[in-house]
Structures are given as C-alpha cells and as structure tokens.
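Working notes for the structure below.
The values are calculated or read from the model by the stated rules, or taken from the named source; none is laboratory data. Just so it is clear, the structure is predicted and the values come from calculations on it, not from any experiment. FYI the Cβ positions are ideal-geometry reconstructions off the backbone, even for glycines, and counts take in every protein chain you see. Side chains are part of the model used for accessible areas, which takes the heavy atoms of the whole protein and leaves out ligands, DNA and RNA. Shrake-Rupley method; radii C 1.70, N 1.55, O 1.52, S 1.80 Å.
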Amino acid sequence: MIKGFTRFLQSPGQHFKSLFGPQDAPAGSTGPRIIPRQEHPVSRQHFSDAAIKVLYRLHNAGFQAFLVGGCIRDSLLGHMPKDFDVATDATPEQIRELFRNSRIIGRRFRIVHVRFGREVIEVTTFRGKPNDDHADHISQQSDDGLLLRDNVWGNLEEDALRRDFTVNALYYNIADFSIHDFANGVKDIEARTLRLIGDPATRYREDPVRMLRAVRFAAKLDFHLDPATEAPIAEAAPLLLQIPPARLFDEILKLFMAGHGVVTFQLLRRYGLFAMLFPEADEAMEALPWAERLVERALESTDRRIREERPVTPAFLFAALLWAPVQQRQAILEAEGMPAIPALQTASQQVVSRQLQHISIPKRFSLPMRDIWDLQQRLPLRRGKRVFQTREHPRFRAAYDFLLLREEAGELDPGLGDWWTAFQQADEHEQRRLLSKVGADPAGSGAPRKRRRRRRKPRGPASDA
C-alpha cells in the first residue's frame, strides 16, 4: 500500500488520467463518478485513528459514513491530511446518541464535534436544498441572499451539490473504500483549478466567506481560480461586511496562520478583500510607502516559523497589520500638540476600536499587541536602568523583532536594531561600553541604588500646654 502511494506521488498526473475514460459522466450529469479502491491512492493509513473510529461506528450502526472534503483532496494531491470531516445520513441527535464524547454546536449550521483527547472530528448530516415550505428555524435567508440558517437534511447527492468547490465534493466511502466524485473534482485537482459548484455570484451571496476560502485554497494548494469563480469577487467583496466580526477572526487565523500568509495577503489585496477586513490598514498602505512591506515582512517571518514548527502568535501579526494606521493617527495627534506617549496610546485605542467593528480581536491578543506598540517608544531610550527594565519586559523579544521588521520595511533608518542585537549578546563589560556610546551613565548598570538615609530633625522642647 505504501509503495503504491509513493508511486502515485512520483507521477500524480499519470494516475489521475487513468481514472478517466470514455465512461466518464458528461458535464452537468447528476450522477457521481464512483472510483473503486484499486483505481485511487487514498488509503485508511492516511487517516487518523479517531476518524476511522467515527466512520466505523456510524457504519456499524446502519448509517452511511463518508470522509469528505479537504482530507480527500489533500490525499489525492499527495499531502498527508490533517483535518477530517465526516458526512452521514444520521441526524445530529442520532450522532450524539452514538458518541458520548460529542456535542452539538452551531445554530446557522448544526454540526457535531466528536472529541478524542485534543483531536476533534467534525460530523455533519447530509444537507438538502431549502425551499419555501421550511420554517425559519430550519432554513432562513436574508433579502440579499445570505444564508442565515441552513438545517435542511438531504441525501448524499444533494449534500455534494451544496458543497462550495468541486475539489471539496469528494467522498470516501468507508463501506467499500471507493471515492464518489459528484462534480468532476478529481479532474479539477489534476488541472489545479478551483471552481465553485453552481452560480458563483449566488454562492457568494449565500455565504460571502466563500470568497476568503477561495483565496485561502488558491494560496495553500497553488491552484488558479476558474474565471467564472474569480469574476464576481471584486464586486461581491463588500458582502463581507455582513459577516459577524467573531467569525471573521476565525477566518483570519486560517488565512494567515497556515504557512502561506504572503501569497494569501497578495491575493486578498488583488481582489479587494483586504480592504473589507482591514479598511484603515488598506488606506494607510496607499499613503505610507513602507506599510505594505512591513506586513509582508511580518507574514514572511510567520510563514518561516510555521515551516520550522516554531510557535507563532496572532498578536504579532495584528501588530504589523495595524501599525501603519496607528502611526498615521499618532502623527495627527502630535501635530495638534499632544505628547508622544499619550498620542500613541490614544491612536492605538482609536485604531483598535475601529478594527473591532470588522474583526474581533480577543484581549489575549490585543493586549500583547499594544505592549509591542508601546515598547517601540521605549526601545530608543537607552539610558541607565531603563535599558535593563526594557530588556526584562515580557514582550521585549516580540517588540525587538518588530523593530527589526520596521527597519527592513524602510520605516526606520537601520542602526537601533543592531544596537539591541549587540546588547543582548554582550557581556557586562561590553554592555557598559554600548551604553556609553549612546551617552549613558556607565554606572547605570541596572543595579539598585542605595537609598540615602534621611536624617531626622531634632525635636524641639515639648510644649508646656
């Protein structure tokens, strides 16, 4: 089995072509192409034990059970899948009864999370096509076409045609290990094409987040967008303003914290989507020549750390994304006479408040982000104990890295970053020399000063009163 998969990775195009022949279903056909096990490289060895347990328990209970979407797509591309989604004809309540380690979540789309330690398997019931007979608590759509609630159950084929992209409408059947391809998704994988199922403009109105998913998959998979899928995006981009900020925060993490941030950012800018997510940052990039380079440098650093399996934090990325508008507002406030430190704090508050109208930023990220910004004013102050206090700040390392990015982007002249690099690597003697070079008191080594004992004034004679 492993040898067969290795051969597939060496020449995937040849193997994909072998899947098709004169018997292929014509375009527009409602029937799926069923690819038997011996004609595809996807194996249970590529799936997590938890996903296999869920599939077999559903199957043994008499329900249909399929792995669907990204895990099958990635397996066909020769990537080891990480996330596993299961589709079944069991209802959420029936799934909940089968798995004690599960819970039903969501109102807009009711799904079941089955938890195995830290791993979560997402199980969804086959979705059907909503119609006017369904009550609002089952299916509801806004006047603009946005799906507000979609809990209409259907069959396998209906579920496949409700999926977003053809490459995600691929189902692995645990009953016979075949792959069901309802929308020529395998052909699109071979052509490295991302294509929406159905009318793209309608699908974007139903859920504008599909535009972000299109960009994310194109960046992650190195696919190109089908012209019909690409065409409506620029005009439909403002539909993202209808999406709750909390949901967009989750999407931002998927966009920028998956190791393909630079390409994703460039695609978002190309299609006018970035302006809907970070409007003030987008405006600042038009005015400040270094602003776009700063974000790209931050994303390059994040992508590199993810490749190296080093920790990353959204706080640093948000600090880069919103720094240019903070600088713009700070400059205006200082021009009006406000001192630098209060101007930075006020500008930070204003930028964050406006940004929260578009994307929620939890305090566990916004507070460290603001620490990084505040330290940008402390890093140039290299005198005495202040240097050591700055170096001991919990956010110093992030603020130092941010300073280096600002110099690389051209916002600051180089020099300060080199000084802090040398200071961190130096011994005590060298640190004193570095401090003296910037006019500091060499005695200001950070050691606590001895407090002078105040003399008590002699008491006068006691009053006779």
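Here are a few things to note about the model shown:
- Residue in the range 407-416 that is in a helix (DSSP H, G or I), surrounded by fewer than 14 Cβ atoms within 10 Å (Cβ to Cβ), modelled with pLDDT of 90 or more and under 29 Å from the mean Cα position of the chain (by Cα) present: no
- So Leu321, is it touching a helix residue (DSSP H, G or I) at 6+ places or on another chain (Cβ under 8 Å), in contact (Cβ under 8 Å) with a residue 60 or more places away in the chain and part of a helix (DSSP H, G or I): no
- The residues in the range 354-374 that are assigned to a helix (DSSP H, G or I) and either farther than 16 Å from Glu283 by Cβ or touching a Leu at 6+ places or on another chain (Cβ under 8 Å) (or both) can be counted, and the count is 13.
- Meets criteria (over 30 Å from Pro279 (Cβ atoms) and among the β-branched types (Val, Ile, Thr)) for Val351: no
- Restricting the range 174-205 to residues that are of a type in the set (S, T, N, Q) and at pLDDT below 95, the residue that is farthest from Leu273 (Cα to Cα): Ser178
- So Ala399, is it touching a helix residue (DSSP H, G or I) at 6+ places or on another chain (Cβ under 9 Å), at pLDDT 95 or above and farther than 24 Å from Phe249 by Cβ: no
- Subset of the range 166-196 (residues that are part of a loop (DSSP other than H, G, I, E, B), in contact (Cβ under 8 Å) with a residue 12 or more places away in the chain and over 24 Å from the mean Cα position of the chain (by Cα)): Ile174, Ala175, Asp176, Phe177, Ser178, Phe182, Ala183, Asn184
- Unique match (being in contact with a strand residue (DSSP E or B) (Cβ under 6 Å, 6 or more places away or on another chain), open to solvent by 70 Å² or more (accessible area, probe 1.4 Å) and over 19 Å from Gly185 (Cβ atoms)) among Arg57, Arg96: Arg96
- Answer residue from the range 263-274, given it is hydrophobic (A, V, I, L, M, F, W, C), out of contact with any Phe, Trp or Tyr (no Cβ under 6 Å at 6 or more places or on another chain) and buried (at least 19 other Cβ atoms within 10 Å of the Cβ) and is nearest to Gln355 (Cα to Cα) among those: Phe274
- Filtered by the rule that a residue be in contact (Cβ under 8 Å) with a residue 40 or more places away in the chain, open to solvent by less than 30 Å² (accessible area, probe 1.4 Å) and either farther than 23 Å from Ser353 by Cβ or more than 25 Å from the chain's Cα centre (by Cα) (or both), the range 366-399 gives Leu379, Gly384, Val387.
- Residue check, Asp159 at pLDDT 95 or above, more than 20 Å from the chain's Cα centre (by Cα) and crowded, with 19+ Cβ neighbours inside 10 Å: no
- Asp83 being over 18 Å from His59 (Cβ atoms), surrounded by fewer than 14 Cβ atoms within 10 Å (Cβ to Cβ) and modelled with pLDDT under 90: no
- Which listed residue, of Phe423, Phe402, is farther than 25 Å from Glu300 by Cα, out of contact with any strand residue (DSSP E or B) (no Cβ under 7 Å at 6 or more places or on another chain) and touching a residue at least 24 places away in the same chain (Cβ under 8 Å): Phe423
- Tally, over the range 56-93, of residues that are in a loop (DSSP other than H, G, I, E, B), closer than 19 Å to Glu158 by Cβ and in contact (Cβ under 8 Å) with a residue 60 or more places away in the chain: 4
- Filtered residue count, the range 297-328, keeping only those that are under 16 Å from Ile252 (Cβ atoms) and of a type in the set (Asp, Glu): 1
- In the range 282-293, the residues that are open to solvent by 30 Å² or more (accessible area, probe 1.4 Å) reach residues that are outside any loop (DSSP other than H, G, I, E, B) and of a type in the set (Asp, Glu) with C-beta atoms within less than 8 angstrom, at least six apart or across chains, in these pairs: Arg293/Glu408.
- Restricting the range 294-345 to residues that are of a type in the set (Gly, Ala, Ser) and within 21 Å of Gly259 (Cα to Cα), the residue that is most open to solvent (accessible area, probe 1.4 Å): Ser301
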